[in-house]
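Encoded as structure tokens, the structure appears first; notes follow it.
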Amino acid sequence: MFRKISRWYATLLSWLLAASVAILIFPVSLQIFSRYTALIPSYIWTEEMARFFFIWSIMIGAMVGIREGTHFVVDLWPPLNARLQAVIRLVAAVFVLVFAFVFLWWGIDFTRFAFNRLSELAELPLWYIHVPWPLAGATWILFLGEQMWDDLRTAAGKRPPPAARPADEIPGSIT
């Protein structure tokens, strides 16, 4: 059940990432056309909107990257057996988990700070642009928990559950 929810959430994030990048094109295009042509007036709110969607795109992309095992991955080791790969991924995941808790803990304070403030140009609530940090931290913890569970089982010599991907099929895994 947990894996099904996690998979559904990852799919939702992938669609949101595509939507945020697609929406980002609109205010940036308006900025470009208004700056270099006289066809449309220069809108100031487009810069702020582009910044909002750019930050959301980055944070959602980081969440998807953690799920796919491609974010924060550096291959340094020669090909190892599955158990050693799982141990190395566990060590790396602990460090990423520390960052996830930092994003979650201080991201909540960061969002709380902006809760009753408005942006200057578009007059949007500033917590819209601050909430991706704690959301990213919570999502990283969710996805890392699933991956770390599989790696713990592999390191212990147990077979991963059928819904889990084998270590050799995880993108960014050390093979």
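Could you say which residue among 98, 131 is of a type outside the set (Ser, Thr, Tyr), exposed (fewer than 12 other Cβ atoms within 10 Å of the Cβ) and under 16 Å from the mean Cα position of the chain (by Cα)?
Values: 131 fails: exposed (fewer than 12 other Cβ atoms within 10 Å of the Cβ).
Just one listed residue meets the conditions, 98.
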How many residues does region 137-153 hold that are of a type in the set (Asp, Glu) and crowded, with 20+ Cβ neighbours inside 10 Å?
2
So which residues in region 1-54 are small (Gly, Ala, Ser) and farther than 30 Å from residue 141 by Cα, if there are any at all?
29, 34, 38, 42
All but one of (1) surrounded by 11 or more Cβ atoms within 10 Å (Cβ to Cβ); (2) touching a Lys or Arg at 6+ places or on another chain (Cβ under 9 Å); (3) hydrophobic (A, V, I, L, M, F, W, C) hold for residue 156, so report the exception by its number.
(1)
Inspect region 101-115 for any residue being outside any helix (DSSP H, G or I) and either more than 25 Å from residue 14 (Cβ to Cβ) or of a type in the set (Ser, Thr, Tyr) (or both) and give the result as yes or no.
yes
Which is aromatic (Phe, Trp, Tyr) and in contact with a Phe, Trp or Tyr (Cβ under 6 Å, 6 or more places away or on another chain), of 99, 103, 113, 95?
103
Within region 82-89, can one find any residue that is surrounded by 18 or more Cβ atoms within 10 Å (Cβ to Cβ), of a type in the set (Gly, Ala, Ser), in contact (Cβ under 8 Å) with a residue 40 or more places away in the chain and closer than 22 Å to residue 139 by Cα?
yes
Hey, among 90, 84, 80, which residue is outside any helix (DSSP H, G or I) and either more than 30 Å from residue 125 (Cβ to Cβ) or touching a Cys at 6+ places or on another chain (Cβ under 7 Å) (or both)?
80
If residue 111 meets every condition in (1) more than 30 Å from residue 42 (Cβ to Cβ); (2) surrounded by 15 or more Cβ atoms within 10 Å (Cβ to Cβ); (3) touching a helix residue (DSSP H, G or I) at 6+ places or on another chain (Cβ under 7 Å); (4) touching a residue at least 24 places away in the same chain (Cβ under 8 Å) apart from one, which number is that one?
(4)
Among the residues of region 66-77, how many are part of a helix (DSSP H, G or I) and buried (at least 17 other Cβ atoms within 10 Å of the Cβ)?
2
Here the qualifying pairs (Cβ atoms under 6 Å; residues six or more apart or on different chains; first in region 64-76 and in contact (Cβ under 8 Å) with a residue 60 or more places away in the chain; second crowded, with 18+ Cβ neighbours inside 10 Å and assigned to a loop (DSSP other than H, G, I, E, B)) come out as 69/170; 75/174
Do any residues in region 24-46 that are at pLDDT below 80 have Cβ atoms under 6 Å from those of residues that are surrounded by 10 or more Cβ atoms within 10 Å (Cβ to Cβ) and not in a helix (DSSP H, G or I), where the two are at least six apart or on different chains, and which pairs are they?
44/121; 45/121; 45/122
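The values are calculated or read from the model by the stated rules, or taken from the named source; none is laboratory data. Everything numeric in this text was worked out from a predicted model, so none of it was measured. Note: ideal-geometry Cβ built from the backbone for every residue, glycine included; neighbour counts use all protein chains shown.
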